[in-house]
Amino acid sequence: MTISRSVALVGRPNVGKSRLFNRLTGRRIAIVLDQPGVTRDLITAQVPANNGGYLLMDTGGIGLTPGDSSAAIIAATEEQVDFALAAAGLVLFIVDARAGRTAGDERIAERLRAFRKPAIIVANKADNPALETEAQAEFGGMGFGEIVTVSAEHGHNMDELQERIMQVIGSEPKVEAPADAAEERIKFALIGRPNVGKSSLGNALLSDKRLIVNETPGTTRDSIAIDFDYMLPDGKKQPFTLHDTAGLRPKPAVKTPVEFFSQNRSREAIADSDVVFLVIDSLEGVTKQDKVLAGHVLAEGRGLVIVVNKWDIAQKRFEKKPIEGYANVAEFKRAFQKAVERQLFFMPNSPILFTSAHEGTGVTDILKEARTVFTTMRKPLPTGPVNRMLQSFIEANPPKFVGARRFKCYYAVQVARQPFVLRLYCNHAEKLDDSYARHLATGLQTAFKLNGCPIRFDLVGKPPREKGSARPMGKSARDNAPKYVRGRAATPHTKGKHPFAKKPLPRISEG
């Protein structure tokens, strides 16, 4: 199962694998912290073409102890290491030049020999000539050939390491793109609070146990990007990149450096995605943190889709003990969806999917919606119909007076996509409040079927005229005008609770 031109980093905990991974890729992808057990999942990234253009895999430390992580997570981490070793065309065996040769290094060496893959020992933390000499003597007899001594922290000897890698895997082949080249890769992220089932959904999508799943909140720490293809009904392949992220907590709940870096990686994954799927727990409904996350996604200008996960559990509990006022599961589901829409009132008409990662139901709908929203966000909006729609909305429901005047829009034109940005030429930009802007955005999203696609308004108004002065012509008040983003993360108006707000209902619980 070897993947062509792929390189895996393996070694004991805390020998600097993640720092070397970041150095080789030229980006801060893996979390770096002087603490064992930080990296758990298999993290992959493409090394830039000018440095070889190969796939690099970072693995969790081999030989974690129960004091570092739970037994279940240690076992899952080791499984990821085996996957990397089986897939790699070359293994970089990372050792610590300062610590010297250890019993843990010997066990890993035996494991590598069993896989019979080309391997290079990389002695990291060799910050001076004395350590380089000692590392050559310490590790030279392990049977893996000449040692490469580096310092990932300071970038020492990276050119020699890159040269040795290229000697084994060879240069990147030049491939001519076919006439019917595949569509552009769609990048999407699964985000949500801890333990709502993001990694389980990722595994269901990939039909593989590439992502570590554990009931312990906070299992996923790095944001993991995985490329894969999905076969469309017409027989064509649609390439995707899946970002599985760490559970995002409220800021006061982030207490450790690992959590801090995990949160930052998750936010970077949102910014790097085309479409974001906010996963909520069907047993808890929409919480305050879910609203904050949805607002953050829209503030980034990304497409937004809501995924209600663990719906199989909600169904079974409803069948066991029906909730008064709902005749059947279908009616309960419709009410649940309306409640989600009510709680996340600022959504851009986002689709709401009901899934079960455990049973695999509704999972492929995620890919279909990712493609639909991505395609929609890239289409142009016709100027004439947009202006007619806006005028009809304003005439049917005029804005309120602010002072002695009310907001007027003279002309609108699309100036950007992903997200949609409409420039509105108006009388007084400051007279458009957020609630009325949301009304206009909702109308446009419905009229043009922009489900899940945020709309921003760039307001260009006429500056106030000074008393006794001539009327200025064509000057923009854009710098002083508020820019509206539907879904901006304002303070939520409702507290996080079970989503049925019209009539109080008991939380779904064990009968």
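What's the magnitude of the charge dipole for the stretch 292-450 around its Cα centre, counting Lys and Arg as +1 and Asp and Glu as -1 at the beta-carbon? Answer in Debye, nearest 20.
Value, rounded to 20: 300 debye.
Order R19, R302, R28, R98, most accessible first, counting only protein heavy atoms with a 1.4 angstrom probe.
Largest accessible area first, the list is R28, R98, R19, R302.
Rounded to the nearest 20 debye, what is the charge dipole size of the stretch 362-423 about its Cα centre when +1 sits on each Lys and Arg Cβ and -1 on each Asp and Glu Cβ?
About 260 debye.
Quick one: check the C-alpha center-to-center distance for the stretch 380-450 versus the stretch 288-329, whole angstrom.
Taking the Cα centre of the stretch 288-329 as reference, the centre of the stretch 380-450 is 30 Å away.
I'd like the Karplus ³J(HN,Hα) series for the stretch 270-287: coefficients 6.51, -1.76, 1.60, θ = phi - 60°, whole numbers in Hz, and an x wherever there's a Gly or Pro.
Once rounded to whole Hz, the list reads 4, 5, 8, 9, 8, 10, 10, 9, 8, 8, 10, 8, 5, 7, 10, x, 7, 10.
Please give the FRET efficiency for A86 paired with E163, using the beta carbon to beta carbon distance and R0 = 22 Å, rounded to the nearest 0.05.
Step by step, r from the Cβ atoms, then E = 0.25.
If you plug each phi of the stretch 231-244 into the Karplus form 6.51 cos²θ - 1.76 cosθ + 1.60 with θ = phi - 60°, what whole-Hz ³J(HN,Hα) values come out, in order, with x for Gly and Pro?
Coupling constants for the stretch 231-244: 7, 6, x, 7, x, 8, 9, 10, x, 10, 10, 9, 9, 9 Hz.
If amide hydrogens are placed 1.01 Å from N in the peptide plane, which non-local residues have theirs closer than 5 Å to the one on V307?
Under 5 Å from the amide H of V307: L278, V279, I280, L353.
For M166, what accessible area in Å² do you get when you roll a 1.4 Å probe over the heavy atoms of the protein chains, rounding to the nearest 10?
50 Å²
Listed here are the pairs K310/K368; K288/K400; K338/K449; K198/K236; K187/K368; K310/K333; which of them are more than 22 Å apart at the Cα?
Going by Cα-Cα distance, K288/K400; K198/K236 fall outside the 22 Å limit.
Return the sequence-ordered ³J(HN,Hα) values of the stretch 134-148 in whole Hz as given by the Karplus equation 6.51 cos²θ - 1.76 cosθ + 1.60 applied to θ = phi - 60°, using x for Gly and Pro.
Whole-Hz 3J(HN,Hα) from phi for the stretch 134-148: 5, 5, 4, 6, 5, 9, x, x, 8, x, 10, x, 5, 7, 9.
If amide H atoms are built 1.01 Å from N in the plane of the peptide, which residues on other chains or at least 5 residues away come under 5 Å of the amide H of Y410?
Result for Y410 returns Y425, C426, N427.
Can you list residues from other chains, or at least 5 along the same chain, whose modelled amide H is less than 5 Å from the amide H of V421?
Under 5 Å from the amide H of V421: V415, A416, R456.
The values are calculated or read from the model by the stated rules, or taken from the named source; none is laboratory data. Note that the coordinates shown come from a computational prediction; the quantities given were computed from them, not determined experimentally. FYI the Cβ positions are ideal-geometry reconstructions off the backbone, even for glycines, and counts take in every protein chain you see. The accessibility values were calculated without ligands, DNA or RNA, using every heavy atom of the protein model including side chains. Shrake-Rupley method; radii C 1.70, N 1.55, O 1.52, S 1.80 Å.
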